[in-house]
Structure formats: structure tokens, C-alpha cells
Amino acid sequence: MKQDQKVDYGSIQIHKKVLADIVLSVVHEAGGIILASENFIGSLLKVLRKRNHSGIIVTIDKDNEVSIEVRICVQYGVNIPDASRQLQDAIRDAIDRTTDINLKDVHINIQGIEGGA
Amino acid sequence: MRVFTRLAMLFYVAIILFIGGFIISLATHAITLAEISYYLDIAYNDLNLRFVIVVVSAAIMFLSLLFARIITGSQQKEKTIAFDNPSGRVSISLSALEDMIKRSVSGISEVKEIKPSILATKKGIEVTSRLILKSDVSIPDMTAQLQELIKTRVQDVLGIEENVIIKIHVTKIVSSSGKEKNRKNDEAEEKEELSVPFQGYRK
């Protein structure tokens, strides 16, 4: 549930939700990309003005390595390979800068294309 | 076939066999109404038995919902195009692309309906579109226009120069609706009227 880091004075635990929050901020900053919140709980959280992490899945494996999967929709006209590469780099950079965690993988799952009619 | 699908099939077959067997037994008088009444009476009055019936019924309902969810979930499992970046994998839902093609083509009035399906093959990305066109349309021109449009849209979005093969099947041609025909006739009449602006003009 939590990423554990040992320091001289004890241990620091970072909750998955913290990582998801950072990813959420990066996605919001990225142009032409929105988080896919397709499920009922996600919509409900949106109505209740709660942070919706339904499109962000943070997994920690046995070796304590962290992987992130982000489900997004892109605007029509966005070059998907470029945008996803930039998003992966931005997420990796933001997580590294904020939590000092080196991510194993950042998977991007594009679930929709907005506009284009 | 997946294990869950087999289990679900077994579950439903068992229930249907039980119901069918019960009805046949009832119809052929293999079970009498008195016997049914006797067993129902026991079940209705015995507290322990009632509790067991509630638990078993709830378990059957739960299993039924679980199987329904698993089966529909596996059917909805998305087809994707994926490529690897140094930071991780990028997968693009093909249904997203199909949806985009539908929306792109919805602006063309001559096309009544389009059902695209996309496959990623060794040759490239294969888009097969089943098309319903309205009448009074030049099919070669329209299909060529659509092929170009779909190809451009898919390449724009994917940002790749990979071969995109567009196959179009015109499955049906429907006649334009009465209102549209009337509108077209009105437009034609207006054009005719407008084409002689100085008729009867004298100094």
C-alpha cells in the first residue's frame, strides 16, 4: 500500500495516493490530455469534488519497485507517440523530483480521442 | 475457453437442467402436488432449513452476478495497438480510434452510417468500414474521399507513417427521406429562379 524509504532517523512511507496525486497534477498540466474517468465511482467522486484517481493505477511489486499506469483521453490533433512520451517523461521527472522514487515503468493507456468531428 | 466461462456455463446448465427436470416431473406426475406441498411445508416451518435456504439462494444470486460480470468483462476486454517507449508501454484502444472515425465521418451528409473495425496486422493497420450510403451518391468518388479522410485522420492521431489500409464495404444504399428530397427540390427551384435575375428588365 505504501512505498517505504529508510533514512537515518527512521522510515518515510509514501502512500500510493500521493503518487497518484502527483500524476494527476502532471496530467492536468499537459495540454490536450485528460484523465479517463469512465467508471461510476470516478464520476461520483467528480460530483462530490473529490480527487479522482480512477484512471491512475500505482503498483508496487515484491522488489519494492513502483510502476504507474495512466488511462487518458487525448484531443484530436495531438500526436500520440510524442504526447505520450512527453507525459511519461514528465511523470517520471515529477515523481523523481518530489519523492525521490525511481519509477520502474510508466504505462500510458489511451482510451479515447476527443473531438475530430 | 477460459476456466470462468466453463464454470459459468456449468452453473447455468445445472440450474436449467434442475428447473427443466422439475417441470417435466410435475407435468408427468412423477412428483405429486402433495409431495411438493409436504416438502414446502417442512421448509417453511423449519427455522434451520429456512436459514440454509436463504444462504444457498444468496450464494446462487451472488455467483450469478459474479459470472455475469466476469463474462461481460472478458467480452469488453479491449483490443489495443501498443508500442514501447524507454519509460514504458503506450497502448491505444482501438475502440477509441473507431469512435473517432465514426465522429469524423458523421459530418458527411451522404453517409448514413459507418461501422469501422480496426486490426493491427503485420502489413500495417487495417481499417475495415461497413458503410450505409444515401442514394444519389457516386460510390467511387465517395469511397475514395472516405478512404483519404480516414487514412489522414488515423495517421494524424497515431503520428506514424505506418501503412494504413482502408477497406470499405458498401453494405446498403438507402433512399433519401421525403423531407430531404423536398429540401433538395426547393433548393433546385431557388437556384433556377436565381439564375435569371434580369428577366423582363426594360429601360
Return a yes/no flag: does region B:149-160 have any residue that is surrounded by fewer than 15 Cβ atoms within 10 Å (Cβ to Cβ) and modelled with pLDDT under 80. yes
Of all residues in region B:115-142 being among the aliphatic types (A, V, I, L, M) and open to solvent by less than 40 Å² (accessible area, probe 1.4 Å), which is modelled with the lowest pLDDT? B:137
Out of the residues in region B:83-96 that are more than 7 Å from chain A (Cβ to nearest Cβ) and in a helix (DSSP H, G or I), which is least open to solvent (accessible area, probe 1.4 Å)? B:94
With respect to residue B:3, is the statement that it is under 30 Å from residue B:71 (Cβ atoms), at pLDDT 90 or above and out of contact with any strand residue (DSSP E or B) (no Cβ under 6 Å at 6 or more places or on another chain) true? no
Please work out which residue is surrounded by the most Cβ atoms within 10 Å (Cβ to Cβ), limiting yourself to region A:78-110 and to residues that are at the interface with another protein chain (Cβ under 7 Å from one of its Cβ atoms) and closer than 14 Å to residue A:32 by Cα. A:84
Does region B:174-191 contain at least one residue that is open to solvent by less than 90 Å² (accessible area, probe 1.4 Å) and modelled with pLDDT of 85 or more? no
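The values are calculated or read from the model by the stated rules, or taken from the named source; none is laboratory data. The model shown is predicted, which means the values in this text are computed figures rather than measured ones. For neighbour counting, all protein chains shown are included, and Cβ atoms are generated from backbone atoms with ideal geometry for every residue, glycine included. Remember, those area values only see protein heavy atoms, side chains included, never the ligands or the DNA or RNA. Shrake-Rupley method; radii C 1.70, N 1.55, O 1.52, S 1.80 Å.
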